[in-house]
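Values quoted throughout were computed directly from the atomic coordinates according to the rules given, and no laboratory measurement underlies them. Remember, predicted model here, so these are calculated numbers, not experimental data. Methodologically, a virtual Cβ is constructed for each residue, glycine included, from the backbone with ideal geometry; neighbour enumeration extends over all protein chains shown.
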Amino acid sequence: MKIAINKLVQRISSFFPKLKKDIRIAHIKTTPREFINKNLKFSLPFSLGLTILFFFVADKAGLPLILIPLAFIVIFAMIFNFQFLKLKAEIIKRQKEIDQEVLFAGQYLLIKLYSGRPLLNALIDTSKSYGVASKYIKEIVNDISTGSSLEKALENAMIYSPSEKFKKILFHVNNALKLGIDVTKPLNAVLEEITTEQDLEIKRYGKKLNTIIIFYMLAAIVMPSLGMTIFIVLSSFINFTVSTTHFAIVIGFIILIQFLFISIFKTIRPTVNL
């Protein structure tokens, strides 16, 4: 039985060739097989339970029983893929963490290089500095401490970094190191490029924000207030009693809209530490 499960896990793992890389980017301490195995152990019983619940609903509604296997397949696929969505969410979270302070880390590294510190010592100093991005520099330092060369450690960090901005910095530093040229010039150039990109992101955010605020004013303020006023006036003409339940429904709708716009504002906010 255990051998059959291992073969099934191995077979499923072959359908996700990028899973190993995604796991490392997400910085989760597991293997693709362990991830798939844990996912199966969670998805199968949960899907089975929901399918049994669907069976009772279908039996009450008089639906054909042939829908039961189909429901199990759909429910299992949704729950199984949800774990992969959580993995992607963790990658996006790490990306935002790095992007928020990548400019600070790069500028700190540049200052250390300008002061005459060797690149390795500058990386060590940056890994001990303030900010979230410093812990990602520390991963490079730890990789070097375990025996990797400086070039190899930088290449690994580029491959497994979720942030494109951080990749740019590492690429220019590693490229200058391979060519044997001064690292400060390409590093300064890429930091200026990232600064320009962040300025553009802020400007684009301002334009999006103006548009969304207009929709927010219409959907969350104007429409509910005018709609409720018109509803009360019309209900008085047709002798319709406005109860507390109707007001509760309207308040619930307004609260739902508020949460919707709050999530939109958080989503479109640029990952820039102002």
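List of remarks:
- Each Lys and Arg contributes +1 and each Asp and Glu -1, all at the Cβ; summed about the Cα centre of the chain, the dipole is approximately 740 debye.
- Residue among Ser236, Leu218, Ala26 farthest towards the positive dipole end of the chain, charges placed on Cβ: Ala26
- Ranking Phe56, Leu150, Gln198 by how far each Cα lies toward the positive end of the dipole of the chain (charges on Cβ) leaves Phe56 at the top.
- Taking a straight Cα-Cα cut-off under 16 Å and skipping sequence neighbours fewer than 8 places away in the same chain, the aspartates and glutamates within cross-link reach of Lys203 are Glu193.
- Classification of segment 200-268 by its C-alpha gyration tensor yields an oblate form. The axis ratio a/c (a ≥ b ≥ c) is 1.5 or more, and b/c is at least a/b.
- Between Leu67 and Ile213, the simple spin-label model (points 7 angstrom out along Cα→Cβ) gives 4.8 nm.
- Of the chymotrypsin sites (Phe, Trp or Tyr not before Pro) found in segment 1-107, the ones in coil according to DSSP and having at most 14 other Cβ atoms within 10 Å of their Cβ are Phe15.
- Sites Ile264 and Arg24 - FRET efficiency at Förster radius 25 Å, r taken between beta-carbons, to 0.05: 0.20
- Taking all Cα pairs closer than 8 Å and separated by 6 or more residues, the relative contact order of the chain comes to 15 percent.
- Shape call, segment 98-194: gyration tensor on alpha carbons, a/c limit 1.5: rounded
- Segment 157-199 and segment 100-132 have Cα centres lying 13 Å from one another.
- From the coordinates of this entry, volume of the Cα convex hull per residue in Å³ is computed, and it appears in (i) 148; (ii) 131; (iii) 202 under the label (iii).
- Rounded tilt (10° steps) of 184-216 against the dominant C-alpha axis of the chain: 10 degrees
- Only lysines eight or more places from Lys208 in sequence, or on another chain, were considered; those with a Cα closer than 30 Å are Lys86, Lys88, Lys93, Lys96, Lys165, Lys167, Lys168, Lys266.
- Remark: the Cα gyration tensor places segment 2-95 in the prolate category, a/c being 1.5 or greater and a/b exceeding b/c.
- Listed values for segment 161-170 are Karplus-derived 3J(HN,Hα) couplings in whole Hz (6.51 cos²θ - 1.76 cosθ + 1.60, θ = phi - 60°), namely 8, x, 9, 5, 5, 5, 4, 4, 4, 5, and x replaces Gly and Pro.
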